1. If I build a Gaussian network model for the chain, linking alpha-carbon pairs within less than 10 angstrom, which residue out of 175, 138, 227 has the largest mean-square fluctuation?
2. In what order do 225, 257 fall by count of nearby beta-carbon atoms within 10 Å, going from fewest to most?
3. If you take all C-alpha pairs in segment 13-65, what percent of them are over 16 Å apart?
4. Could you identify which residue out of 213, 82, 25 has the top mean-square fluctuation in a GNM of the chain using Cα springs shorter than 10 Å?
5. Output the antiparallel fraction of DSSP beta bridges having both residues in segment 149-277, as a percent to the nearest 5.
6. What does the convex hull of the Cα atoms come to per residue for the chain, in Å³?
7. Can you give the relative contact order of segment 40-124 as a percent, counting alpha carbon pairs under 8 Å and 6+ residues apart?
8. Starting with the fewest neighbours, write out 237, 4, 230 ranked by other beta-carbon atoms found within 10 Å of each beta-carbon.
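What follows is calculated from the coordinates using simple rules that are stated; it is not laboratory data. The structure presented is a predicted model; accordingly, all values stated were derived computationally and were not measured. Cβ: placed from backbone, ideal geometry, glycine included. Neighbour counts: every protein chain shown.
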Ligand SMILES: NC(=O)C1=CN([C@@H]2O[C@H](COP(=O)(O)OP(=O)(O)OC[C@H]3O[C@@H](n4cnc5c(N)ncnc54)[C@H](OP(=O)(O)O)[C@@H]3O)[C@@H](O)[C@H]2O)C=CC1
Ligand SMILES: Nc1nc(=O)c2c([nH]1)NC[C@@H]1CN(c3ccc(C(=O)N[C@@H](CCC(=O)O)C(=O)O)cc3)C=[N+]21
């Protein structure tokens, strides 16, 4: 297996999200084989993509490819951007009722005019592999069993690869979205971290960040987090995926952290691309295997239990 933590020419070690995702994909593939042996069919993930946002299409394509590579079934449903609310809800209801579907992911954001909350709330909680329904969110708050959101789960996994047990670490999460920041704060709390949840109204964000043993940047602002915001030796998990103008008119992906600066002070850092992004898909696969197991009333394979957060 490739090393997940590798050294760089600068101070920080790199956390290789691709290598970590390959390990989690392998665990999911192992689990998928066990499910197929028990059920006579592999776990199945349905992805709903509304509109033609090019970035979303790339994610959906990556998800489809990795799902099949892990020996699972992937079904994509594409709807036009001008689809009605009722038609999106009806599709989710049909997927809820389809016994051959174990997991449902509705790609966010939905085009303007559609009620995202209603669509997400339509997903049956036992198929909510994105962990975004009120039932999943409630279970996370209560510390009860349930599906955890994929990007925050991936962020915890990578921080553990770098630091081991996270008990007592101070964590600053920047961004409080339902998809990333808020559940990330709760997952790190569940790891016994001391968590600060920062956002656009936070006062003196650089000073808040400098207290952190672990910084989670989930803002959507290219290079917002500067090198001198990072406590020497801290672990930096960059969730941001921002497309910016690169050389020769070509676009490239950057995170929310000024990587070239932060790598000089941090102890560990995730790159973009090749950091949290690949882990998000890996956790989605793991959640899909777990959902298939629970629905079939067989035990969740140990390989999958081991990679998911508590
Ligand atoms: N790697 C992956 O798999 C994934 C990556 N992403 C990426 O992560 C980033 C965040 O996504 P998402 O959470 O959906 O984004 P949202 O736009 O929903 O949320 C952004 C959050 O950042 C806060 N914020 C905005 N500007 C600042 C600022 N200047 N200082 C401090 N906080 C600020 C906002 O605060 P307020 O609430 O006060 O407005 C808000 O809470 C994006 O780049 C997205 O592409 C998202 C999902 C998965
Ligand atoms: N309901 C819902 N759940 C999500 O989890 C969700 C969503 N909606 N909407 C959009 C965001 C974004 N997201 C990414 C997933 C994988 C990569 C990924 O694989 N990135 C790779 C490659 C990126 C590339 O090169 O295009 C990388 O960072 O290395 C990125 C981003 C999931 N999201």
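1. 138
2. On the way: 225 26, 257 32.
Ranking 225, 257 by Cβ neighbours within 10 Å, fewest first, gives 225, 257.
3. 60
4. 82
5. Counting only bridges with both partners in segment 149-277, antiparallel ones make up about 20 percent.
6. Taking the convex hull of the Cα positions in the chain, it is 132 Å³ per residue.
7. That works out to 40 percent.
8. 4, 230, 237
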